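So the structure is just underneath, and the comments pick up after that.
FYI, it's all coordinate maths here, none of it is from the lab. Note that this is a predicted model, so its numbers are computed, not measured. For neighbour counting, all protein chains shown are included, and Cβ atoms are generated from backbone atoms with ideal geometry for every residue, glycine included.
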Amino acid sequence: MSTDKYTKIDKSRACLILGALGDALGAPVEFMKYNEIVAKYGDTPNIIKGIQMLDDAYGKKGAITDDTQMTLFAADGLISAFKRGAERGILGEYWGYTAISYAKWLETQSQGNPNYSDFDWGSHELFEVVKKQGQRGPGNTCVSSLKAMQKPAEPAKNDSKGCGTVMRVAPIGIFFGNLIKDTSKQELQKVYDEGVNDAAITHGHQTAQHASGILAVIVALVLHGESLEKAIRVALDDFGTQDVSGLCEKAVQLVNESPSVENLQKLGEGWVAEEALAIAIYCSLLGSKKVLSVEDSLRLAVNHDGDSDSTGAITGNLLGIEFGTKVIPQSLIGTDTEVSSLVELLRKYGEDLVEVADYRQS
């Protein structure tokens, strides 16, 4: 089981672009109940009720949230760290560098950590793009943890299991999935550990860390050519923990029934990591099995009582890594939306997450 570099790049690009699209689709309804969403957007004839197309959030049509912002900073931190190691011949732990990258993201939110304000780290272009966007509903746990961070490769001291871990971990799965030699359990353990480490930067609860590690493994397996269904099975069998696997197994079983918001809401609301992961597994598997279209899989992922942008983002990540750019729904992205204006940046980071493995100091 293997895919060539160009297929991996295509999958990686789609993972980030569809993740951003799911994020933007869910942004306007993130803090609404399902009945409020249906009341506002109408009881449409589509099988999925509620919001159907991108709408206004944060004063812009099709605006992304902190989910996509942090995903991009995760990607940038990994790429910058690899290049630093190639140039200097020495490299610390990767999660230390992504932690610094997240601290730079925090500065774009008009907050910041004085311990890292003088660091010249990462892409200035990305920093300016996100700084111009401003605050996009940053999660309290991410903000407080990054503000309090003394050393970059130390676990956060809190007991939060919020979904701020799984909503940003896709680049971890892509980057380390591309670096591993094969998809043996021994190699996948490296991906899992990096997903756990990344989560630990901001979230101290083991459930949030476990969910992040499992999602990173799923992404890595699909990057290598495994089907989404098989990747989920392998990740849960080899790395599943009781606190995460229960809901995820339930999600897999619910796919065998007719798709509905009622079934989705049996998995929770997505505010915590294991619920967000389970909801995304449910919605993306419906798309993978062609029960729903990619568009309707994303719509189902955001039309519910809970954390719509995060569940939309993760669902988009999974659909993108499986199908590649050929399924990106241009009609949903539009041409006059914020997410459409970010497509080239997302494509660039999707490509660089794979290409950087060949980087050599010139």
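Here are the numbers for the structure shown:
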quantity	calculated
Neighbour-limited loop hits for trypsin sites (Lys or Arg not before Pro), the range 260-362 (at most 16 other Cβ within 10 Å; DSSP other than H, G, I, E, B)	K289, K290, R360
Order of H304, H203, H124 under a 10 Å beta carbon neighbour criterion, fewest first	H124, H304, H203
Mean shadow area of the range 231-282 over all directions, Cα convex hull, nm²	3.3
Value of D in µm² per second that Stokes-Einstein yields for the range 184-238, Kirkwood Rh from Cα pairs, at 20 °C (1.002 mPa s)	195
Binned Cα-Cα distance frequencies in the range 1-139 - 5 Å width, integer %	2, 9, 15, 16, 16, 13, 11, 8, 5, 2, 1, 0
Residue order, fewest to most beta carbons within 10 Å, for T71, T311, T3	T3, T71, T311
For M53, M32, order by how many other beta-carbon atoms lie within 10 Å, fewest first	M53, M32
In the range 7-75, the trypsin sites (Lys or Arg not before Pro) that fall in loop regions by DSSP, at most 15 other Cβ within 10 Å	K33
Straight-distance crosslink candidates among aspartates and glutamates, where the alpha carbon sits under 20 Å from K49 and sequence neighbours closer than 8 are dropped	D23, E30, E36, E257, E262, E269, E295, D296, D305, D307, D309
Value of relative contact order over the chain, rounded to a whole percent, pairs C-alpha under 8 Å and six or more apart	31
Residue with peak Gaussian network fluctuation, the chain [Cα springs, cutoff 10 Å], from P45, P28, P171	P45
Two-decimal Rg/Rh across the chain, once Rg and the Kirkwood Rh are taken from alpha-carbon atoms	0.94
K61 long-range amide H proximity, modeled H, under 5 Å	E338
Relative frequency of Cα-Cα separations exceeding 18 Å in the range 263-354, percent	46
Value of Rg/Rh across the range 164-296 [Cα atoms, Kirkwood radius]	0.95
